[in-house]
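Engineer: Just dropping this structure here.
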Amino acid sequence: MPSLEKARIISNSKQYHNLYIMEIEAPKTAKQCKPGQFLHIRSNPGLDPLLRRPLSLYDVDKKAAKISLLYKVVGKGTALLADMLPGENLDIMGPLGRGFSLPESAKKCLLVGGGVGMAPLLYLARELRRGGNELLVLYGVGNEKELLALERLEAIGSQVQIATIDGSRGLKGPLIPPLFSEILSNERIEFIYSCGPESMMKLWQEWAGINHIAGEVSLEEYMACGVGACLGCARKARPDNEFYVKICKDGPVFRLDELELE
Amino acid sequence: MDLTVNLGGIKLKNPVAVASGTFGYGLEYADFIEPEKIGAVIVKGTTLHPRPGNPGPRIYETPAGMLNAIGLENPGIEVFLREYLPRLRERQVTVISNIAGNSIEEYALMASLLQGQEGIAGIELNISCPNVKQGGIQFGTDPETVRQVVAAVKKETSLPVIPKLSPNVTDIAAIALAAAEGGADALSMINTLGGMAIDINRRKPVLGNVFGGLSGPAIKPVALKMIYQVYREVDLPILGGGGIVNHIDALEFFMAGAAAVSIGTGNFVNPCLALELLEGMEKYMQEQGFSSIQELVGIAHT
Ligand SMILES: Cc1cc2nc3c(=O)[nH]c(=O)nc-3n(C[C@H](O)[C@H](O)[C@H](O)COP(=O)(O)O)c2cc1C
């Protein structure tokens, strides 16, 4: 069951440019977490900005009751978050939303994470490995300094292939299927998970369709309530549908066969 | 300490309600707050037929507030009665239904469908939704239409009827008087203020619906003024809201003339607010020597 909790900030530091990792201690919340879910956090006690912000669970250590959050400073809320200090309290609500499903029997899984889209995939990778799954992770960023999750991904025993826009590491180019065609032609992928820019995920959705591979994606949207009460984070699962799904409650994770990405 | 309120015939265990559209159908927040402890849960605006709502983006944060253009997405009154109401009744939640129609006849028809349903304490008439092309606001800006809608609904039901007034008018007191003439049992005010935002990179309005409704602390002074005005001119209990995020805000509303208050956007910030407010209010009342919330209502009027 999700809860409200004042979590204690253990660390909060800039990793590179506008990318930060915050670690919090949240005994009530941590034990409830599943990969792909999110925390709805308040970045300041004042009135501006007013609303909570959804942040993916980047990593969770249930034994130590610790949760890590990976975030990019993009606006007022995340800028205030970046200013918070160890020892301070963070007002969190969660875990919320529908997370990733984990295979019942061990599979070869492909994880495709673009930029901060890697945020929900690290904890997923950890849980997948615990379940004995074999992982190939495709990790795409602008330049190699943004590969914040790389060490942890390798430490849990996943095979990682990198793409950078500037060619500073791995393949040079965007994280799209053609760039990895050679690598993928030798793999027997059984399930795909992805998070990142929607235009990128759309190409992977097409690739998965052609190769008859099932999978899941995690979507992002501005949210107000986070629990399906305000109906603010609506989108159509398919353009010609009449009704809308809510990212916070029906998602943020959706099966590839549930929606048409744009 | 007496916190009970009689809001035009609706007995509230405490004077804090949660506002329509911000609390779903009452159970979405149940992991965080027990809805049966809240003074009243005003459920999402419901229409005769299901409505898909507006295309996104539907919400946008603004300084100390937010814009929304949900467009009254709801499953229709039949689904509400069949699927949601029984669960609320089982938990003994004080439910106020919120309805919006496309015509005076549709408001009346919905009122007749609610009549006799066990578990509904009252009807809030949404004649002030700024986000739909038909229904809502066009019924709330002309005094004569307001009178007719309220009278038509009153004919169909014995439930207390609470028109929800729009702040997007030049003379709120005239609208409130018309609602009283139509037979309203109480008044709910205010709904959101019309607003918009523009994305300078796309050079387009942010909201899918172009216009939205502004809510949150940014509108509190407007809400207070309108309630203060209406309290002077109309002899009906007021359910006051608009920007309440703490007990001090709430106390201001009581002093301006609200008999009870509603929390909307504040729920998104703190889902437990509706009950936490009570503690702050009680403490203030104790310290200042008040024994009943009714003593505070309209006390700021000289
Ligand atoms: C996301 C959202 C949805 C709303 N939906 C409705 C609705 O369906 N019916 C209605 O009468 N008011 C609706 N409102 C208005 C609120 O009930 C309330 O009157 C308004 O937001 C002002 O109060 P606040 O500043 O406390 O939010 C909605 C407000 C928001 C923010």
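Engineer: Determine which member of the set B:G213, B:G208 is within 16 Å of the ligand (Cβ to nearest atom) and part of a loop (DSSP other than H, G, I, E, B).
Structural biologist: So the residue among B:G213, B:G208 that is within 16 Å of the ligand (Cβ to nearest atom) and part of a loop (DSSP other than H, G, I, E, B) is B:G208.
Engineer: Looking at A:Q37 and the list (1) crowded, with 17+ Cβ neighbours inside 10 Å; (2) within 12 Å of chain B (Cβ to nearest Cβ), which single condition is not satisfied?
Structural biologist: A:Q37 satisfies all of (1) crowded, with 17+ Cβ neighbours inside 10 Å; (2) within 12 Å of chain B (Cβ to nearest Cβ) except (2).
Engineer: Could you check B:V261 against (1) in a helix (DSSP H, G or I); (2) within 12 Å of the ligand (Cβ to nearest atom); (3) under 19 Å from B:M1 (Cα atoms) and say which number it fails?
Structural biologist: (1)
Engineer: Going by the conditions given, is A:A237 away from the ligand (no atom under 12 Å from the Cβ) and either assigned to a strand (DSSP E or B) or not aromatic (F, W, Y) (or both)?
Structural biologist: yes
Engineer: Got a sec? Which of A:K62, A:K76 is more than 20 Å from the chain's Cα centre (by Cα) and surrounded by fewer than 16 Cβ atoms within 10 Å (Cβ to Cβ)?
Structural biologist: A:K76
Engineer: Ok, one more. Scan segment A:154-174 and tell me whether some residue there is touching a helix residue (DSSP H, G or I) at 6+ places or on another chain (Cβ under 6 Å) and within 14 Å of chain B (Cβ to nearest Cβ).
Structural biologist: Within segment A:154-174, none of the residues are touching a helix residue (DSSP H, G or I) at 6+ places or on another chain (Cβ under 6 Å) and within 14 Å of chain B (Cβ to nearest Cβ).
Engineer: Related question: If you check B:I99, B:I38, which single one turns out to be buried (at least 24 other Cβ atoms within 10 Å of the Cβ), more than 18 Å from B:E156 (Cβ to Cβ) and modelled with pLDDT of 95 or more?
Structural biologist: When all the criteria are applied, what remains is B:I38.
Engineer: Which pairs have Cβ atoms under 8 Å, sit 6 or more apart or on different chains, and link a residue in segment B:257-284 that is more than 26 Å from B:D235 (Cα to Cα) to one that is part of a helix (DSSP H, G or I) and among the basic types (K, R)?
Structural biologist: Within 8 Å, the pairs are B:L275/B:K37.
Engineer: Taking the criterion of being closer than 30 Å to B:P205 by Cα and either within 16 Å of the ligand (Cβ to nearest atom) or not aromatic (F, W, Y) (or both), would at least one residue in segment B:106-124 satisfy it?
Structural biologist: No, because not a single residue in segment B:106-124 is closer than 30 Å to B:P205 by Cα and either within 16 Å of the ligand (Cβ to nearest atom) or not aromatic (F, W, Y) (or both).
Engineer: Of the residues that make up segment B:186-196, is at least one surrounded by fewer than 21 Cβ atoms within 10 Å (Cβ to Cβ), more than 14 Å from every other protein chain (Cβ to nearest Cβ) and away from the ligand (no atom under 14 Å from the Cβ)?
Structural biologist: yes
Engineer: Is it true that A:K202 is modelled with pLDDT of 95 or more and not assigned by TED's automatic domain parsing to the domain that holds A:I41?
Structural biologist: yes
Engineer: Those residues that are out of contact with any Phe, Trp or Tyr (no Cβ under 8 Å at 6 or more places or on another chain) and under 13 Å from A:A229 (Cα atoms), I need them from segment B:34-67; list them, please.
Structural biologist: Selection gives B:G45 alone.
Engineer: Now, a different point. Among (1) within 22 Å of B:G216 (Cα to Cα); (2) not in a loop (DSSP other than H, G, I, E, B), there is one condition B:N6 misses while meeting the rest; what is its number?
Structural biologist: The one condition B:N6 does not meet is (1).
Engineer: Can I ask one more? Of everything in segment B:168-183, what is of a type outside the set (D, E) and at pLDDT 95 or above? Give them in sequence order.
Structural biologist: B:I172, B:A173, B:A174, B:I175, B:A176, B:L177, B:A178, B:A179, B:A180, B:G182, B:G183
Engineer: Among the residues of segment A:155-188, which ones are of a type in the set (A, V, I, L, M) and more than 20 Å from the chain's Cα centre (by Cα)?
Structural biologist: The answer is A:I165, A:L171, A:L179, A:I183, A:L184.
Engineer: Separate question: For segment A:212-234, state whether one or more residues are over 18 Å from the mean Cα position of the chain (by Cα), within 14 Å of another protein chain (Cβ to nearest Cβ), part of a strand (DSSP E or B) and within 16 Å of the ligand (Cβ to nearest atom).
Structural biologist: Yes, some residue in segment A:212-234 is over 18 Å from the mean Cα position of the chain (by Cα), within 14 Å of another protein chain (Cβ to nearest Cβ), part of a strand (DSSP E or B) and within 16 Å of the ligand (Cβ to nearest atom).
Engineer: Hey, another quick one. So B:I244 passes all but one of these: (1) more than 14 Å from every other protein chain (Cβ to nearest Cβ); (2) not in a helix (DSSP H, G or I). Which condition number does it fail?
Structural biologist: Every condition holds for B:I244 apart from (1).
Conditions (1) surrounded by fewer than 23 Cβ atoms within 10 Å (Cβ to Cβ); (2) within 12 Å of the ligand (Cβ to nearest atom); (3) within 14 Å of another protein chain (Cβ to nearest Cβ), marked per residue:
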residue	(1), (2), (3)
B:V149	no, no, no
B:D199	yes, no, yes
B:R203	yes, no, no
B:I219	no, yes, yes
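Engineer: I'm trying to understand the selection: among the residues of segment A:235-262, which are surrounded by fewer than 17 Cβ atoms within 10 Å (Cβ to Cβ) and within 16 Å of the chain's Cα centre (by Cα)?
Structural biologist: Residue satisfying the conditions is A:R255 alone.
Engineer: Among B:A30, B:A64, which is within 14 Å of chain A (Cβ to nearest Cβ), closer than 28 Å to B:M196 by Cβ and surrounded by fewer than 24 Cβ atoms within 10 Å (Cβ to Cβ)?
Structural biologist: Among B:A30, B:A64, only B:A64 is within 14 Å of chain A (Cβ to nearest Cβ), closer than 28 Å to B:M196 by Cβ and surrounded by fewer than 24 Cβ atoms within 10 Å (Cβ to Cβ).
Engineer: Ok, one more. Going by the structure shown, is B:T62 among the polar types (S, T, N, Q) and within 16 Å of the ligand (Cβ to nearest atom)?
Structural biologist: Considered against the rule, which asks whether it is among the polar types (S, T, N, Q) and within 16 Å of the ligand (Cβ to nearest atom), B:T62 comes out as yes.
Engineer: In the set B:I293, B:I263, B:I248, B:I238, which member is surrounded by fewer than 17 Cβ atoms within 10 Å (Cβ to Cβ) and of a type in the set (V, I, T)?
Structural biologist: B:I248
Engineer: Within segment B:78-95, is there a residue that is more than 14 Å from every other protein chain (Cβ to nearest Cβ), within 16 Å of the ligand (Cβ to nearest atom), in contact with a helix residue (DSSP H, G or I) (Cβ under 7 Å, 6 or more places away or on another chain) and touching a residue at least 40 places away in the same chain (Cβ under 8 Å)?
Structural biologist: Yes: segment B:78-95 contains one or more residues that are more than 14 Å from every other protein chain (Cβ to nearest Cβ), within 16 Å of the ligand (Cβ to nearest atom), in contact with a helix residue (DSSP H, G or I) (Cβ under 7 Å, 6 or more places away or on another chain) and touching a residue at least 40 places away in the same chain (Cβ under 8 Å).
Engineer: Applying the selection to segment A:44-93, what residues are touching a helix residue (DSSP H, G or I) at 6+ places or on another chain (Cβ under 7 Å) and either hydroxyl-bearing (S, T, Y) or assigned by TED's automatic domain parsing to the domain that holds A:G117 (or both)?
Structural biologist: Of everything in segment A:44-93, those that are touching a helix residue (DSSP H, G or I) at 6+ places or on another chain (Cβ under 7 Å) and either hydroxyl-bearing (S, T, Y) or assigned by TED's automatic domain parsing to the domain that holds A:G117 (or both) turn out to be A:S56, A:Y58, A:Y71.
Engineer: Considering only residues that are of a type in the set (S, T, N, Q) and assigned to a loop (DSSP other than H, G, I, E, B), which ones fall in segment B:148-203?
Structural biologist: B:T157, B:S158, B:S166, B:N168, B:T170, B:N191, B:T192, B:N201
Engineer: Go through segment B:40-50 and give me each residue that's touching a residue at least 60 places away in the same chain (Cβ under 8 Å) and within 13 Å of the ligand (Cβ to nearest atom).
Structural biologist: Matches in segment B:40-50: B:A40, B:I42, B:G45, B:T46, B:T47.
The values are calculated or read from the model by the stated rules, or taken from the named source; none is laboratory data. Computed from a predicted model, the values in this text were never measured in an experiment. Methodologically, a virtual Cβ is constructed for each residue, glycine included, from the backbone with ideal geometry; neighbour enumeration extends over all protein chains shown.
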